[in-house]
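Read through the structure below, which is laid out as structure tokens, and then see the notes.
The values are calculated or read from the model by the stated rules, or taken from the named source; none is laboratory data. Just so you know, these numbers come straight off a predicted model, no measurement behind them. Don't worry about glycine lacking a Cβ; one is built from the backbone with ideal geometry, like all the others, and counts go over all protein chains shown. We work out accessible area using only protein heavy atoms, side chains counted, and drop any ligands, DNA or RNA first. Shrake-Rupley method; radii C 1.70, N 1.55, O 1.52, S 1.80 Å.
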Amino acid sequence: MSGFRAYRIRDDGRFGAGRLERMSRAELDHGEVVVRVAYAGVNYKDALTARGRARMARKFPLVGGTDLAGVVESSEDRRFAPGDEILIHSFGLGSHHDGGFAEIGRFPADWIFALPGGLSLLEAAALGVAGHSVGVAIELVQLNGIGPERGEVLVNGATGGVGSIAVDVLSKLGYHVTALTGKPGMTEYLHALGAAEVLSRDEVKLEGRPLENERWAAAFDSVGGAQLEWLLRTARRDAVIASIGNASGNTFDGNVLPFILRGVRLVGVNVNNPVETKLRIWRRLATDWKPRHFDCFVRRIPLAALPQAFDALLAARVCGRQVVDFSLDREADGL
Ligand SMILES: NC(=O)c1ccc[n+]([C@@H]2O[C@H](COP(=O)([O-])OP(=O)(O)OC[C@H]3O[C@@H](n4cnc5c(N)ncnc54)[C@H](OP(=O)(O)O)[C@@H]3O)[C@@H](O)[C@H]2O)c1
């Protein structure tokens, strides 16, 4: 069979529609470095792009996938040589530029990071933008003086990709982690990642007074919407609420009392940060912020399973991180 496997989003007159296909080297996107992709993380944003749920794809056809880890095949840039292990994420990967869901990709050298010592290719892709966003949030929480001694830290959307990594790393750092989830029956999984307590979303009454009893010293929120507003009302004095994602919605109502009466700080987490910041965060993720339970939260899937993986993500049925492992497709072909 000619060419190589890819999952591409094509123009459908709206926001695009994805499908599995084969592409050729002549179709590679611009850049100086050709990479054989070993693993690519599957993100909520990738599911939205593939399913045309929002205007994410900025060119057609587009190879989906926001993050990847692989090995350099050839390079026109002196910083990289064949055989180098690398990782790439963000910079418009999977929206403006072809991303990780193809066996081979070409990328600008400025976007590429050498794999940090301490991480395998699989671990780097399993972390991906999800892990990077957790690292950025931890840094912000620590900069604001919130150490483990300050009390309970809530992780919302705890069984998701971002949430699972946050539970793992925060508990490793000694924080008392309370995991909030909408998935019944995942208590054991969350305790295995390190959660001290597990709260079911059914138990949470979102409507209430402008200020509720104080509970969280910090919160990592990948859900957004009304739940973010509830987090602000239940935060303790000088708490830091890190807004990472919008899995349940973009908008939220609110009142200013948590800010002016309790000094609560709402901080935004964005992974499109300067290269020095990215490097600093990756070094921590490879060392003291490295999760302890990759085996527990990572599931390798073949590229061919992406359509089902997207459906599961959009229906909030996934636990942890799904990672495309291209060797599984080759095994299935008997190669
Ligand atoms: N700021 C950044 O730079 C950055 C980086 C990476 C990701 N993100 C964002 O963070 C969010 C989570 O990303 P992810 O990759 O971790 O996604 P994910 O694996 O799909 O996790 C999202 C989790 O949120 C919870 N959830 C609650 N209400 C939901 C709803 N209505 N629909 C779907 N999920 C719902 C679910 O966990 P429970 O059932 O356990 O509650 C779900 O598993 C996304 O909005 C993503 O775009 C932002």
Count of residues meeting criterion [over 19 Å from Glu21 (Cβ atoms) and either part of a loop (DSSP other than H, G, I, E, B) or open to solvent by 10 Å² or more (accessible area, probe 1.4 Å) (or both)] in segment 77-104: 13
Subset of segment 291-317 [open to solvent by 30 Å² or more (accessible area, probe 1.4 Å), under 23 Å from Val223 (Cα atoms) and not hydrophobic (A, V, I, L, M, F, W, C)]: His293, Arg299, Pro307, Gln308, Asp311, Arg317
In segment 132-145, anything more than 9 Å from the ligand (Cβ to nearest atom) and part of a helix (DSSP H, G or I) is listed as Gly135, Ile138, Glu139, Leu140, Val141, Gln142, Leu143
For segment 55-76, which positions are open to solvent by 30 Å² or more (accessible area, probe 1.4 Å) and either outside any strand (DSSP E or B) or near the ligand (Cβ under 10 Å from one of its atoms) (or both)? Arg55, Met56, Arg58, Lys59, Phe60, Pro61, Glu76
Hey, any hits in segment 261-275 for a residue that's more than 27 Å from Ala102 (Cα to Cα) and charged (D, E, K, R)? yes
What are the pairs, 6+ residues apart or on separate chains, where a residue within segment 199-216 that is within 24 Å of Arg150 (Cα to Cα) has its Cβ under 8 Å from a residue that is open to solvent by 70 Å² or more (accessible area, probe 1.4 Å) and not in a loop (DSSP other than H, G, I, E, B)? Leu211/Leu261; Glu214/Arg236; Glu214/Arg237; Arg215/Arg236; Trp216/Arg236
Any idea which of (1) in the same structural domain as Leu170 (by TED's automatic domain parsing); (2) modelled with pLDDT of 95 or more is the one Gly249 doesn't satisfy? (2)
In segment 105-117, the residues that are hydrophobic (A, V, I, L, M, F, W, C), open to solvent by 20 Å² or more (accessible area, probe 1.4 Å) and assigned to a loop (DSSP other than H, G, I, E, B): Leu115
Whichever residue in segment 318-335 is open to solvent by 70 Å² or more (accessible area, probe 1.4 Å) and of a type in the set (Asp, Glu) and, among such residues, is farthest from the ligand (Cβ to nearest atom): Asp333
Matching entry among Ile165, Ile138 (being touching a helix residue (DSSP H, G or I) at 6+ places or on another chain (Cβ under 6 Å) and either under 23 Å from Thr234 (Cα atoms) or not aromatic (Phe, Trp, Tyr) (or both)): Ile165
